[in-house]
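Q: Got a structure for you, written out below as structure tokens; questions coming shortly.
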Amino acid sequence: MTSLAPGTVVRTVSEFTNGLARWFAKQDAFKGAAISGEISGLKEINGGHLTFLLKERGAGLNCIAWRSTIPRLPQLQNGAAIIAVGDIELRQEYGSYQMVVEAAHLTGIGELYAKFSALKEKLRLEGLFEPARKRAIPAYVRRVALISAEGSKASEDFLSTIAAQVPFVKVVPFWTRVQGSGAEIDVREAFDRADKVDVDVIVLTRGGGSYEDLFTFNEEVVVRAIARSRHPVITAIGHQTDHHLADDVADATSGTPSKAAEAIAGPWIATRERLASAHRNLRRAVVHALGRSAQRLELVRSQLEGSTYLRLGNAERALSALERRLNAQNPVAQLSVRGQRLAAVRERLPAAWQRYAARNATRLQNAIGNLALLDPEQPLARGYALIFRDGSLVRSARDVAVGDGIVARLGHGTLDARVEAVRDE
């Protein structure tokens with residue numbers, strides 16, 4: 001390591017810049033300075049302040065106009081020639097100096113702006129900016145030709161957005177220079193190559209930059225390459241506030257590279273969301289329909305189950321009744337029943353027979369007694385006789401006549417006699 005010379009004073013960055021700032025503040029030439037040049041890179045920053053670069057022959061001075069000062073300034077635009085009046089100060093945090101503009105005087109237009117205005121009028125008269133000549137961007141882009149600088153932030157933003165949102169979209173890159181001397185020729189040649197491939201759209205893009213850096217996209221060869229392209233062209237050049245003749249002639253323009261990718265992805269995403277919504281609605285409808293069908297099936301099942309149980313119950317009762325009738329008609333069962341009845345009768349028969357015999361014995365004795373009373377022999381034993389004529393019992397005197405032969409049956413033996421007289425008393 002090289003050693004410091006004796007007596008060298010070492011200062012920190014803040015000590016050095018603070019001292020330099022104090023020196024700037026003491027210089028009268030830096031107060032109210034009036035410097036002429038052309039505006040480049042004009043943009044609005046946070047809080048509504050304006051910043052730009054005042055350029056002249058390759059030299060540049062950073063300028064800032066605070067928001068409170070802007071109403072006192074003329075309308076500023078890139079390429080305008082002005083005399084800026086203000087204080088020069090040191091920006092300690094960046095180690096650079098800038099002018100704080102307090103006033104500005106327009107002195108005309110710069111060389112680039114004059115070139116821009118002349119070409120714009122020429123192309124306008126040719127009708128290249130007319131909306132009627134512009135082509136519609138296909139609703140569903142599947143292949144994209146990308147014209148940009150390889151490895152640039154703009155191309156990376158576009159490619160990463162496409163990959164994240166619509167990875168199925170094919171991007172065919174045509175790498176080219178997008179700034180510097182001759183860059184407009186390279187861009188035109190990239191369009192010539194892109195026109196030979198089968199794509200749906202061409203995207204021309206690059207990131208932000210100064211007015212001079214972005215002037216490639218105001219060159220006539222680039223504008224005409226866009227106008228004659230056989231594919232629709234989308235431009236996404238610089239920042240949202242930048243505008244170029246390439247944007248005027250393109251079929252569509254986006255503020256940034258990522259917005260161009262989002263414009264391509266938008267219809268796909270919207271369709272995907274509609275399909276997802278339709279799928280959700282269809283799913284809900286199917287679930288609802290299935291639920292209603294399930295309810296109807298459950299109702300039918302319950303009704304069928306109740307009807308089945310009722311019918312089975314009726315059938316079971318009918319079967320039981322039929323079984324009982326069949327059992328009743330079964331000969332074996334009938335013989336068994338009758339056998340049981342016969343056994344019971346046999347068990348009761350002796351006692352019943354005894355009762356029957358006793359009852360009939362009594363009746364027999366009564367009958368015997370009655371018969372004994374009716375026995376004709378009994379009166380004969382007491383001295384009575386039975387008279388017969390011709391074998392017939394004579395019951396009345398009228399039954400015989402005088403002279404009839406009769407037979408008298410006595411208690412012991414018979415008598416033959418003849419009627420001597422008949423007395424009917």
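Q: Filtering the range 225-247 down to residues that are over 17 Å from residue 144 (Cβ atoms) and in contact (Cβ under 8 Å) with a residue 60 or more places away in the chain, which residue is surrounded by the most Cβ atoms within 10 Å (Cβ to Cβ)?
A: 245
Q: May I pose another question? Among the residues in the range 210-221, are any more than 23 Å from residue 52 (Cβ to Cβ), touching a helix residue (DSSP H, G or I) at 6+ places or on another chain (Cβ under 8 Å) and not basic (Lys, Arg)?
A: Checking the range 210-221: at least one residue is more than 23 Å from residue 52 (Cβ to Cβ), touching a helix residue (DSSP H, G or I) at 6+ places or on another chain (Cβ under 8 Å) and not basic (Lys, Arg).
Q: Which members of the range 121-138 meet the condition of being exposed (fewer than 15 other Cβ atoms within 10 Å of the Cβ) and either part of a helix (DSSP H, G or I) or on the phi > 0 side of the Ramachandran plot (or both)?
A: Within the range 121-138, 121, 122, 124, 125, 126, 127, 131, 132, 133 meet the criteria.
Q: Is there a residue being among the β-branched types (Val, Ile, Thr), surrounded by 14 or more Cβ atoms within 10 Å (Cβ to Cβ), assigned to a loop (DSSP other than H, G, I, E, B) and under 43 Å from the mean Cα position of the chain (by Cα) anywhere in the range 139-149?
A: So far as the range 139-149 goes, yes, one or more of its residues are among the β-branched types (Val, Ile, Thr), surrounded by 14 or more Cβ atoms within 10 Å (Cβ to Cβ), assigned to a loop (DSSP other than H, G, I, E, B) and under 43 Å from the mean Cα position of the chain (by Cα).
Q: Out of (1) of a type in the set (Lys, Arg); (2) within 23 Å of residue 133 (Cβ to Cβ); (3) crowded, with 18+ Cβ neighbours inside 10 Å, the odd one out for residue 206 is which?
A: Result: residue 206 fails condition (2) only.
Q: Here is a further query. Residues 340, 378: which one is modelled with pLDDT of 75 or more and surrounded by 10 or more Cβ atoms within 10 Å (Cβ to Cβ)?
A: 340
The values are calculated or read from the model by the stated rules, or taken from the named source; none is laboratory data. Not measured: the values here are computed from a predicted model. Note that we place each Cβ from the backbone using ideal geometry, even for glycine, and neighbour counts take in every protein chain shown.
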